[in-house]
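First the structure, in the form of structure tokens, and then the observations on it.
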Amino acid sequence: MFLRRSIADLEAEHAAGDLSDEDYEALTSRYKAAVVAADESGRETAPRAGAVSRPHRPRAVAAVLAVLLVAGVAGGLVARSSGERVAGQPSSGNIDLGTNDKLSQAQQLVQQGKVLDAIKLYDAVLKSDPKNPIALAQRGWLLRNVGLVDDAIKYIDRAVASDPTYPDAHFFKAMILWKDKGDPGAAIPEFRLFLANTPDSQSAAQVQPLLVQATAEAATTTVPHQ
């Protein structure tokens, strides 16, 4: 039942103009797929962190977790390396305390599964600071996780242009090029840029094996035509 209620919430938010047509279509399609899967299994999956949630439902629609967030290393990297950069501020310029607070709150919302609320906060940051690399990269990653890969790349490329030393943007771009575009060779320099710029040794230790794997795959992979 919570899956169908959440679809209704999305419809209401779309009707109110708070959700774009593209985001609405991408999110509702995944919710409806989760409803079908739940009906086939005879029950709905209990909520878990990582799924889209409405503001008045702290933990909703976790059955679409696998679609919304990649498993394993990515979530930890977002929490750690982004958190460090928020605390230290991006090298491309200072950000005011209000922006810093919004970025931190947005990261917390993502961890709680409130993805739409996080996107709204990133949009609020970008309205006053269109070149903020953290908001650009993190918003792009959220778009990727709801299937809007091409839009995600645009945001992440803007983040890289704004601050080439922001490591998360390179990690996100590497994962998209590798896993979504099927081009491990193009991901290699992005992984290397992440490793060159991250101050977090734990994140670096997690990404190094990904670089090795992408390098091995690149040696045997024929890149599909885009």
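The values are calculated or read from the model by the stated rules, or taken from the named source; none is laboratory data. Predicted model, so just to flag it, every value in this text is computed and none were measured. All Cβ positions, even for glycine, are placed from backbone atoms using ideal geometry, and neighbour counts span all protein chains on display. When the accessible area is computed, the model is the full protein with side chains, heavy atoms only, and any ligands, DNA or RNA have been set aside. Shrake-Rupley method; radii C 1.70, N 1.55, O 1.52, S 1.80 Å.
Out of all the residues in segment 175-184, is one or more in a helix (DSSP H, G or I), touching a residue at least 24 places away in the same chain (Cβ under 8 Å) and of a type in the set (Gly, Ala, Ser)? Checked against the condition, which is being in a helix (DSSP H, G or I), touching a residue at least 24 places away in the same chain (Cβ under 8 Å) and of a type in the set (Gly, Ala, Ser), segment 175-184 yields no hits at all. A single entry from 200, 183 fulfils the requirement of being over 19 Å from the mean Cα position of the chain (by Cα), more than 19 Å from residue 140 (Cβ to Cβ) and charged (D, E, K, R): 200. Just so you know, in segment 161-187 the residues that are of a type in the set (A, V, I, L, M) and surrounded by fewer than 20 Cβ atoms within 10 Å (Cβ to Cβ) include one that is nearest to residue 125 (Cα to Cα), and it is 161. Can you tell me how many residues in segment 110-123 are closer than 15 Å to residue 20 by Cα and either among the basic types (Lys, Arg) or surrounded by fewer than 16 Cβ atoms within 10 Å (Cβ to Cβ) (or both)? Total meeting the criteria: 2.
Checked against the criterion of being over 30 Å from residue 127 (Cα atoms), modelled with pLDDT under 95, surrounded by 14 or more Cβ atoms within 10 Å (Cβ to Cβ) and of a type outside the set (Lys, Arg), the candidates 206, 226, 202 yield just one match: 206.
Could you give every pair whose Cβ atoms fall below 7 Å, whose first residue belongs to segment 147-165 and is touching a residue at least 60 places away in the same chain (Cβ under 8 Å), and whose second residue is outside any loop (DSSP other than H, G, I, E, B) and open to solvent by 40 Å² or more (accessible area, probe 1.4 Å), counting only separations of at least 6 or pairs across chains? From segment 147-165, the pairs are 148/22; 165/197.
Residue 127 - would you say it is open to solvent by 30 Å² or more (accessible area, probe 1.4 Å) and closer than 23 Å to residue 214 by Cα? No: the conditions fail for residue 127.
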